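Contents: one structure, followed by commentary.
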Amino acid sequence: MVIETDGGLMTIVEFQHVKPGKGGAFVRTRLKNVLTGAVVDRTFRAGEKVSEVRLEKRLLQYLYSDGQLFYFMDTASYEQFPVSGDTLGDQVKYLKENLEVTGLFQGEKILGIELPFFVDLKVMETDPGVRGDTASGGSKPARLESGATVSVPLFIEVGETIKVDRRTNEYLERV
C-alpha cells in the first residue's frame, strides 16, 4: 500500500498494531519513500487519517539516452517517457537497449523504473586469465557493455555474455 504523508509518497514495508493497557491504540510502521528509497519509522494514532495513493506498474522498454535523459517506451501504447539520470540512480549502469523494465506511474506521471534483478550483459573488456594465477581468488575485473564493472572468474573472455545480479553487482553465470 502506498500512502501520502510528510510531503512524499511512502510504501508501507511493515506495520504493527499496538494496544497498550491504558491509552489509545496506535500503529507502528516502517515506511519507504517511493522516490528516494529512504526508510523511516512512523507511529500513527488511532483515528489518524492518511490518504492512499494508487500507483500503476507498466511494462516499458529502454530505448536510448541523450546523455541527460533516458527514454523508455510503453510496450502497450508505444508512448515514450523521458526519465532523468537522477531518478534512475545506480540502475543506469545496467541499462542496455531493448531491456524490458517496470515503470511506476502516478496517473500519467512516471515516478521511477524497476530493473529486473538479473541482467544479461556482454563482456567488452577484461584481462586474459593466466592459468595458475589464483592468488587474487581466481577472479578479475570485467567492463560490461552497459559500462558496469564486475568481478568475474578467470575463464571469462571478451565477447562472452554473462548474467549479473544488479542488486549485489556480482557475476552469476555464463549465458
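None of the figures in this text is laboratory data; all of them are computed from the coordinates on show. Remember, predicted model here, so these are calculated numbers, not experimental data. Methodologically, a virtual Cβ is constructed for each residue, glycine included, from the backbone with ideal geometry; neighbour enumeration extends over all protein chains shown.
Structure values in brief
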| quantity | calculated |
| --- | --- |
| Cα-derived Rg over Rh, computed across segment 56-114 with Rh taken as Kirkwood radius | 0.91 |
| Rg/Rg_ref, segment 22-100, where Rg_ref = 2.2 N^0.38 Å and atoms are Cα | 1.61 |
| Whole-number D in µm²/s for segment 2-49 (Stokes-Einstein; Kirkwood sum over Cα pairs; 4 °C, 1.567 mPa s) | 114 |
| Residues S77, S151, sorted so that the one with the fewest Cβ neighbours within 10 Å comes first | S77, S151 |
| Neighbour cut-off at most 10 other Cβ (10 Å), DSSP loop, trypsin sites (Lys or Arg not before Pro), segment 44-138 | K49, R54, R131 |
| Cα coordinate range in segment 60-175, projected on the principal axes (Å, largest first) | 57, 23, 21 |
| Estimated FRET transfer efficiency (M124, D86; beta-carbon r; R0 30 Å; 0.05) | 0.70 |
| Under 18 Å from the Cα of K140 - lysines, other chains or at least 8 residues apart | K122, K163 |
| Spherically averaged projected area of segment 1-146 from its Cα convex hull (nm²) | 13.9 |
| Cβ-based exposure ranking for L154, L69, in which fewest neighbours within 10 Å come first | L69, L154 |
| Label-point gap, in nm, between D6 and T36 - each point 7 angstrom along Cα→Cβ | 0.8 |
